[in-house]
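Here's the structure, in structure tokens; my notes come after.
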Amino acid sequence: MVITTFTKEIYNRFKVDILNYPTLPSIAFAIYRLNYMPSDTIPIITGGVYNDIKKSYYGGFVDVYKV
């Protein structure tokens, strides 16, 4: 029930189908690219913004097991 509600909420708010993405970070990146990043932009980030993002994503590993 929680996953179903989450799936519907993400689709209703951002028009992103979470079943096409294996991890939560990939869903977040898809939402950003599809809704907030201009289509003619190359996604290269440098400087202070890059350093902040790098610090926030540093951590554990994400493993995807497809059955």
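Brief remarks follow.
- Taken across the stretch 48-58, residues that are in a loop (DSSP other than H, G, I, E, B), over 16 Å from the mean Cα position of the chain (by Cα) and of a type in the set (Gly, Ala, Ser) do not occur at all.
- Scanning the stretch 1-49 for residues being more than 19 Å from Val64 (Cα to Cα) and either modelled with pLDDT under 85 or exposed (fewer than 10 other Cβ atoms within 10 Å of the Cβ) (or both) gives a total of 18.
- Scan of the stretch 25-65 for residues that are in contact (Cβ under 8 Å) with a residue 12 or more places away in the chain and not polar (S, T, N, Q), ordered by number: Pro25, Ile27, Ala30, Ile31, Leu34, Tyr57, Val62, Val64
- Among residues of the stretch 50-67 being surrounded by 10 or more Cβ atoms within 10 Å (Cβ to Cβ) and among the hydrophobic types (A, V, I, L, M, F, W, C), the one that is modelled with the lowest pLDDT is Val62.
- Counted residues, the stretch 1-42 - those being over 10 Å from the mean Cα position of the chain (by Cα), charged (D, E, K, R) and assigned to a helix (DSSP H, G or I): 3
The values are calculated or read from the model by the stated rules, or taken from the named source; none is laboratory data. Being a predicted model, the structure only gives us computed values, none of them experimental. Note that each Cβ is placed from the backbone with ideal geometry, even for glycine, and that neighbours are counted across all protein chains shown.
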